[in-house]
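Heads up, the thing below is written out as structure tokens.
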Amino acid sequence: AAKEETVVEVELTVMQKKYYRAILDKNFSVLKKGGSKGANLGSLMNIVMELRKCCNHPYLISGVEEEENKDIDEDSEAEHELLINASGKLILMDKLLPRLFAEGHRVLVFSQMVKVLDLLGDYLDNRSWKYERIDGNIRGSERQAAIDRFTRSGSDCNIFLLCTRAGGQGINLTAADTVIIYDSDWNPQND
């Protein structure tokens, strides 16, 4: 079938907006000076990376998950729901994946960040969905075993999590018919 590309923009959640604003406010002096002068360039790049993490999921920012979950029982339904509701992208995934699975689709999810794959793995575990994963920590035989399990006829695994750099080249996953790029690279060639 012909490739169909759909770009879905999602809004930041209340929690994401809170931390996004906090990152900007904390670093306003660096942003005001601009990032074109030596030492400020490094600070500006760090700020941009923190904002990018916040847009993917606020739990990627150091200390946020602990702060938001301090009054919630560990492994409770409330904690699982907060994981989803903390990120606009994960809310969309939670709506999209059941529909795709119900229609018999097999899905590849790519992310630039291994920590995003960790969060998505937690989400999938909470939903009791089987998945495979390849990132830079998965080596040769383990990679091939994961691919074989996913592509095996009759496999009950409908989703494969991949780090863009580790899983983007030299892998043939034609068993999947849907690709979700959770966070696209600033260089579209990398995606």
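Please compute the length gained on full extension between E74 and K95, using 0.36 nm multiplied by the number of residues separating them and subtracting their Cα-Cα distance.
Working: separation 21, 0.36 × 21 = 7.56 nm, distance 2.40 nm.
Taking 0.36 nm per residue and subtracting the Cα distance, the gain is 5.2 nm.
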Let me cross-check D94: its accessible surface, 1.4 Å probe, with only protein heavy atoms counted, in Å² to the nearest 10?
40
Report the relative contact order of the range 55-191, percent, no decimals, based on alpha-carbon pairs under 8 angstrom and at least 6 residues apart.
29
For the residue pair D185 and N137, what label-to-label distance in nm results when each label sits 7 Å from Cα along the Cα-to-beta-carbon direction?
2.2
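For the chain, state the average projected area of the convex hull of the C-alpha atoms over all orientations, rounded to one decimal in nm². Could you put the intermediate results ahead of the total?
On the way: hull surface 52.1 nm².
So the mean shadow area of the Cα hull is 13.0 nm².
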Order H105, H57, most accessible first, counting only protein heavy atoms with a 1.4 angstrom probe.
H105, H57
For R133, list long-range residues whose amide hydrogen, built 1.01 Å from N in the peptide plane, is under 5 Å from its own amide hydrogen.
L161
Measure of exposure for T6: accessible area at 1.4 Å probe, Å² rounded to 10, is 100
Working from the alpha-carbon coordinates of the range 68-150, get Rg over Rh, Rh being the Kirkwood radius.
1.00
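The values are calculated or read from the model by the stated rules, or taken from the named source; none is laboratory data. Owing to the predicted nature of the structure, the values given are computational and were not obtained by experimental measurement. Neighbour counts run over all protein chains shown; Cβ positions are idealised from the backbone, glycine included. For the accessible areas, the whole protein counts, side chains as well, though only heavy atoms, and no ligand, DNA or RNA atoms are used. Shrake-Rupley method; radii C 1.70, N 1.55, O 1.52, S 1.80 Å.
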